[in-house]
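J.: Take a look at this one; I'll ask things after.
The values are calculated or read from the model by the stated rules, or taken from the named source; none is laboratory data. Just so we're clear, the structure is a prediction, and the values are computed from it rather than from any experiment. Accessible surface is based on the protein model in full, side chains and every heavy atom, while ligands, DNA and RNA are left aside. Shrake-Rupley method; radii C 1.70, N 1.55, O 1.52, S 1.80 Å.
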Amino acid sequence: MAAAMLAVPAGLRVAPLTPCSGRSDISSLRYTTLGAPKYTRGTRGGSIRCEGVRETVDKATKKEITKEEILQNQETNQSEKQSVFGAVPSSGSFYPRPEVERRPETGEKSLGSLFAFDGAAPETINGRLAMVGIVWAAIAEKMSGLTVFDQLYTQGTGLVFYVAIVPLIAYASIVPMLNGESSDARSIGPFTAKAERWNGRLAMIGFLSLLLTESFIHAPVFTNFF
């Protein structure tokens, strides 16, 4: 009976047990699922990072702008052959510069280059601030009955909010440019760079017109006329 209990079927061998010399580090394990993003648990702090989200967003919204495309547009686009002041863009000049030198994708990515008169930052940031400003002015005038000047300087509340939002919009706009990406690289449906430029330009003209009009009539435009 005892011999029968000790019998082992053919082909089955039990490997001898050996003492465990160390514990495995669970924090270094990677879990991968087919068709899903890969999650990695870092060894410091136990943070989890989802790999693939940025690639998915880039695939849906980003268009790669190559140097060849910029050079082709520079040669065929009439507005790139001559600036608004009639000067011909020349390489290495302060203003105007050729498109290939002033674009974040192919040109210098320093703050001095991006914030130059023909750089990518000024119009983008000013247009976005103007769009936020014109919407803020319409809502605030309807709620308070005060002009933009009164909201900014008499009460001071509007100035606080404006000073707080300017660095946020400027920072969010300049970071992609420092990484070599202009506003032309992103588009989601109707939200294209061309639409943003036109809306920003109209908002800048509209906000300036709003300030001038209210300085003459001494009354909020959106409360009296809308």
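J.: Bin all alpha-carbon pair distances of region 70-116 at 5 Å intervals from 0 and give each bin's fraction as a whole percent.
T.: The percentages, shortest bin first, are 5, 23, 31, 26, 14, 2.
J.: If the cut-off is 16 Å between C-alpha atoms, which aspartates and glutamates fall inside it for Lys59, apart from same-chain ones fewer than 8 positions away?
T.: Partners found: Glu51, Glu181, Asp184.
J.: So what is the orientation-averaged projected area of region 71-197, using the convex hull of its C-alpha atoms, in nm²?
T.: On the way: hull surface 39.2 nm².
Mean shadow area of the hull around the Cα atoms is 9.8 nm².
J.: Then there's this: Mind checking which lysines have their C-alpha under 24 Å from Lys81, skipping anything on the same chain fewer than 8 residues away?
T.: Within the straight-line cut-off, Lys81 pairs with Lys67, Lys109, Lys194.
J.: Right, something else. Give me the 1.4 Å probe accessible area per residue for region 54-94, excluding ligands and nucleic acids, in Å². Intermediate values should be presented prior to the final figure.
T.: Working: 3410 Å² over 41 residues.
Value returned for region 54-94: 83 Å² of accessible area per residue.
J.: Quick one: 3J(HN,Hα) in Hz for region 200-210, Karplus 6.51/-1.76/1.60 with θ = phi - 60°, rounded, Gly and Pro as x.
T.: x, 5, 5, 5, 5, 5, x, 5, 5, 4, 4
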